[in-house]
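Written below as structure tokens is the structure these notes are about.
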Amino acid sequence: MTALHRIGVFDSGLGGLTVLNAICAANKGLSIIYFGDTARVPYGSRSVETIMHYAEQDVRFLLSKDVEAIVVACGTVSAIALSELHKTFPIPIIGVIEPACDAAANLTVTRHIGVIGTHATVHSSAYSNYINERYPDCTVSGIECPLFVPLIENGFREDDPISKMIVERYLSPIRNTDIDTLILGCTHYPFLIDTIRETLPGVQLIDIGVTLAETVGKTLPLSKSIGDNFVEYCFSDRETGFRRFDSEHLRSLPNGPIKAVNIESF
């Protein structure tokens with residue numbers, strides 16, 4: 001396959017920026033179109049049919065920008081729609097689930113893995129199905145955390161008392177279990193990673209953005225140019241002010257134009 005210079009990355013909102021950051025940190029000379037569907041975030045509370053519809057529109061938008069491969073930087077879409085996207089669109093499309101599951105299975109000692117995610121992700125059983133098939137000695141427990149995405153999209157930092165309270169509410173029940181490895185099953189969740197780590201001391205955390213970016217580099221024949229990356233940031237709602245996040249997960253993002261997209265036209 002010819003070296004790829006132009007890829008698309010999409011998410012329901014801002015969370016996919018953590019994946020984009022990891023891709024930019026590991027690669028040079030790429031032209032990247034990022035799409036965040038901020039007008040319709042979160043996806044995780046939607047029906048399967050709606051998630052499928054949104055995902056197909058997101059892919060069609062990126063194809064209109066002449067991308068050569070697509071990275072699904074969304075845990076919900078990866079869990080619900082990835083197999084159908086592969087059938088519908090003749091372009092390499094990579095999701096978050098398999099890389100994260102492989103990383104977790106290689107780390108866990110107790111063989112009990114936790115997955116936190118949206119309602120749709122947890123109820124899809126996509127993570128547990130993959131792990132049970134590939135690593136039958138492992139047990140998987142899913143934990144819904146539906147308020148994490150709205151918190152992040154509305155600018156709540158992880159040191160905010162409300163953020164800390166919600167993280168504690170969702171995760172304290174698993175503190176004294178034998179879960180020793182936890183998959184952050186949504187690309188928004190790294191924005192809360194320090195608070196999650198404080199709530200679950202000693203538990204190994206899997207950042208699906210990092211594992212996905214590593215897989216992108218291994219799977220796709222990306223350009224080895226030494227030039228700077230170029231990113232065009234596209235959102236379906238008003239400019240989100242995403243640079244307000246002073247986070248290590250965004251520090252490799254280059255400056256680039258920010259554009260509004262009428263996603264309903266795709």
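The values are calculated or read from the model by the stated rules, or taken from the named source; none is laboratory data. Quick caveat: nothing in here was measured; it's all calculated off a predicted structure. All Cβ positions, glycine included, derive from the backbone under ideal geometry; neighbour counts span all protein chains shown. Side chains included, ligands, DNA and RNA excluded: accessible areas come from the protein's heavy atoms. Shrake-Rupley method; radii C 1.70, N 1.55, O 1.52, S 1.80 Å.
General observations
- For residue 67, net neighbour charge (Lys/Arg +1, Asp/Glu -1) across residues whose Cβ lies under 14 Å away: -1
- Residue-wise HN-Hα coupling along segment 175-192, computed from phi with Karplus coefficients 6.51, -1.76, 1.60 (Hz; x: Gly, Pro): 5, 9, 9, 8, 5, 10, 9, 10, 7, 7, x, 8, 6, 6, 5, x, 5, 10
- Between the amide H of residue 142 and those of 115, distances stay under 5 Å, these residues lying 5 or more places away or on another chain, with hydrogens modeled in the peptide plane.
- In this structure, residue 176 and residue 53 have a Cβ-Cβ separation that, at R0 = 25 Å, corresponds to a calculated FRET efficiency of about 0.05.
- Fluctuation leader among 148, 35, 156 - the chain, Gaussian network, Cα springs under 10 angstrom: 156
- The label-point distance for residue 225 and residue 84, in a model that sets each label 7 Å from Cα toward Cβ, rounds to 3.5 nm.
- In a fully extended conformation the segment linking residue 134 and residue 25 would gain 36.3 nm over its present Cα-Cα distance, using 0.36 nm per residue.
- For the chain, calculated [θ]222 nm from helices alone, where every DSSP H run of n ≥ 4 adds -39500 (n - 2.57): -11000 deg cm²/dmol
- Neighbourhood charge, 14 Å Cβ-Cβ cut-off, centred on residue 217 and excluding it, Lys, Arg +1 and Asp, Glu -1: +2
- Normalised contact order of the chain, rounded percent, pairs of Cα under 8 Å and 6 or more residues apart: 30 percent
- Spatial offset of segment 212-238 relative to segment 89-147 amounts to 24 Å, using the alpha carbon center of each.
- Heavy-atom accessible surface of the chain: percent carbon and sulfur, 1.4 Å: 51 percent
- Charge sum, other residues only, whose C-beta stays under 11 Å from residue 151's C-beta, Lys/Arg counted +1 and Asp/Glu -1: -1
- Spread of Cα-to-Cα distances over 5 Å intervals beginning at zero, given as percent, for the chain: 1, 6, 14, 18, 20, 17, 12, 7, 3, 0
- Ranked by how many other beta carbons lie within 10 Å on average, peptides 157-163, 137-143 from highest: 137-143, 157-163
- Maximal additional length on extending the residue 264-residue 39 stretch stands at 80.0 nm, based on 0.36 nm per residue less the C-alpha distance.
- Residue 144 sits with roughly 60 Å² accessible to a 1.4 Å probe, with DNA, RNA and ligands left out of the calculation.
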